[in-house]
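To start, the structure under review is shown below, and the notes come after it.
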Number of protein chains: 2
Amino acid sequence: MLSDLRQEFILHFGEMGSRWGINRTVGQIYAALFLSEEPLCADDLVGLLGVSRSNVSMSLKELQSWSLVHLKHRPGDRRDFFTTPDDMWQIVRTLVEERKKREIDPTLTKLRQLEMRPGSAEDAYAQARITEMRELIELLTGWYDQMNKLETERLVALLNMGAKLQKLARSARILPKRTNKTES
Amino acid sequence: MLSDLRQEFILHFGEMGSRWGINRTVGQIYAALFLSEEPLCADDLVGLLGVSRSNVSMSLKELQSWSLVHLKHRPGDRRDFFTTPDDMWQIVRTLVEERKKREIDPTLTKLRQLEMRPGSAEDAYAQARITEMRELIELLTGWYDQMNKLETERLVALLNMGAKLQKLARSARILPKRTNKTES
DNA sequence: TAGATGTTTCAGAAAAAGCTGTAATGACAG
DNA sequence: CTGTCATTACAGCTTTTTCTGAAACATCTA
């Protein structure tokens with residue numbers, strides 16, 4: 001039912017998933033959908049992956065909550081069929097967006113909250129360190145937001161301009177640092 | 001021994017770690033070192049976090065294998081003391097580098113291998129999909145490699161130029177796509 | 001070399017995560 | 001309303017991961 005090629009991809013993907021905090025089965029289901037030209041229904045996945053019906057059901061729900069799969073219906077068929085978006089870039093954008101929402105944003109909130117807390121002397125260093133971390137995350141996410149606004153084609157063009165960007169950076173005026181008085 | 005502020009940060013960090021495939025204790029130890037102005041030794045961490053000596057020892061070893069902590073010695077003291085790099089950017093670079101080495105590179109190898117495999121007709125779609133994925137990953141890692149060459153100050157300047165980059169992208173000539181004849 | 005101090009290893013215990021089958025729920029056609 | 005087909009929820013079992021304590025292993029000092 002599943003060629004060696006697809007089998008291998010699916011196993012690798014499940015393995016990778018678990019290294020990034022994604023349940024192995026969820027990863028495998030995603031991989032199977034990713035490789036399938038046709039939408040698949042839950043029972044297809046049970047057959048393909050050999051996991052229980054309920055596991056498939058819950059994993060699909062998880063994937064839906066991440067907006068990583070789309071629901072499709074066939075006329076005259078009550079079952080739910082699933083696909084992944086055709087566009088790889090859309091997949092990446094969604095993935096980043098969701099992780100940002102679930103992990104980065106709450107972390108920023110927490111960091112800000114810790115920063116404002118009236119600091120006892122013993123926490124001075126820790127708070128400075130937290131500030132550094134927050135500023136770095138803000139810089140990165142801010143930049144990501146900018147890039148995310150671009151249409152894919154423009155973004156690809158930009159990413160392909162690595163060398164040109166380096167040149168730009170080399171000529172860029174470096175602004176005086178703000179509060180960084182860290183001694184080396 | 002540990003102020004509320006630091007306690008909270010450490011717990012949050014451990015929690016986040018586990019969502020990204022990093023052992024909770026490893027995350028907590030890292031966080032504790034990150035917030036500490038002074039290098040800490042294994043027993044300090046046992047006291048601070050309330051985990052077993054051996055757990056600390058193994059977690060530190062793990063962190064060392066990721067090059068995320070540095071060893072320090074004090075004159076006349078045999079114990080190993082640990083710190084995190086002062087420079088947040090160095091931390092990010094190391095983290096990305098290690099994950100690239102451990103997860104991205106092996107994935108690229110696997111994808112290339114699957115792509116070359118003489119394809120039966122039924123795998124044509126899957127192989128095309130795999131190619132798309134490989135190309136995307138290569139584009140991103142290639143771009144990352146370029147950026148990684150920049151000194152931190154230049155890189156920060158570049159990241160701060162989000163708006164300018166958008167403009168550049170908007171005016172960029174979009175190259176004709178190579179082999180992508182995907183029908184929408 | 002013995003003693004003191006500090007580190008690492010590892011087998012098994014504990015905890016967490018993941019999975020399954022069953023039973024409940026829902027949705028629709030007739 | 002009833003029977004059929006499909007989805008969902010959940011209690012308990014299985015597997016995996018994480019953690020611990022004890023013992024083995026180093027390294028230094030005298």
Next item on the list: For the range A:32-84 and the range B:24-88, compute the distance between their C-alpha centroids and round to whole Å.
Entry: 44 Å
Check: For B:77-84, what's the mean count of beta carbons from other chains sitting within 10 Å of each residue's beta carbon?
Finding: 0
Checklist line | Accessible surface of the protein assembly as shown, 1.4 Å probe, proportion on carbon and sulfur as whole % | finding: 53 percent
Margin query: Accessible area per residue for the range B:88-171 in Å², computed with a 1.4 Å probe and the full protein assembly in place, what is it?
Written below: 50 Å²
Note to self: Show me the trypsin sites (Lys or Arg not before Pro) within the range A:1-100 that DSSP assigns to loop and that have at most 16 other Cβ atoms within 10 Å of their Cβ.
What the structure shows: A:Arg78, A:Arg79
Notebook entry, point to check: Once the piece of chain linking A:Leu11 and A:Val46 is laid out straight, how much longer is it, given 0.36 nm per residue of separation minus the C-alpha distance between them?
Noted result: 11.1 nm
Check: Given the options A:Val46, A:Val156, A:Val56, which has the most mean-square fluctuation in a GNM of chain A, springs set between C-alpha atoms less than 10 angstrom apart?
Finding: A:Val156
Note to self: When a/c reaches 1.5 or more, the comparison of a/b and b/c decides; with that in mind, is the range B:81-167 rounded, prolate or oblate per its Cα gyration tensor?
What the structure shows: oblate
Margin query: If you take the accessible area of B alone plus A alone and subtract the pair, what total do you get in square angstrom, rounded to 100, with a 1.4 Å probe?
Written below: 6800 Å²
Notebook entry, point to check: How much FRET efficiency would the formula 1/(1 + (r/R0)^6) give for A:Tyr125 and B:Thr109, where r is the Cβ-Cβ distance and R0 is 35 Å, rounded to 0.05?
Noted result: 0.25
Next item on the list: Express in nm, to one decimal, how much length is gained between B:Arg53 and B:Leu139 on full extension, taking 0.36 nm for each residue of separation and deducting their alpha carbon distance.
Entry: 26.6 nm
Next item on the list: Would you pull out the residues with amide H under 5 Å of A:Cys41's amide H, same chain only if 5 or more places away, H placed 1.01 Å from N?
Entry: A:Phe82
Notebook entry, point to check: What net charge is computed for the residues neighbouring A:Glu122, neighbours being all others with C-beta under 14 Å from the C-beta of A:Glu122, Lys and Arg scored +1, Asp and Glu -1?
Noted result: -1
Margin query: What is the angle, in °, between the Cα long axis of helix B:4-19 and the longest principal axis of the Cα atoms in chain B? Nearest 10 is fine, range 0 to 90.
Written below: 40 degrees
Notebook entry, point to check: Put +1 on the Cβ of every Lys and Arg and -1 on every Asp and Glu Cβ in chain A; which of A:Gln166, A:Met88, A:Phe13 then has its Cα farthest towards the positive end of the dipole?
Noted result: A:Gln166
Checklist line | Simple spin-label estimate for B:Leu150 and A:Asp4 in nanometres, 7 Å along Cα-Cβ | finding: 4.5 nm
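The values are calculated or read from the model by the stated rules, or taken from the named source; none is laboratory data. As the structure is a prediction and not an experimental result, all values here were calculated from the model. When we count neighbours, we look across all protein chains shown, and the Cβ atoms used for this are built from the backbone with ideal geometry, even at glycine. Ligands, DNA and RNA are excluded from the accessible area calculation, which covers all protein heavy atoms including side chains. Shrake-Rupley method; radii C 1.70, N 1.55, O 1.52, S 1.80 Å.
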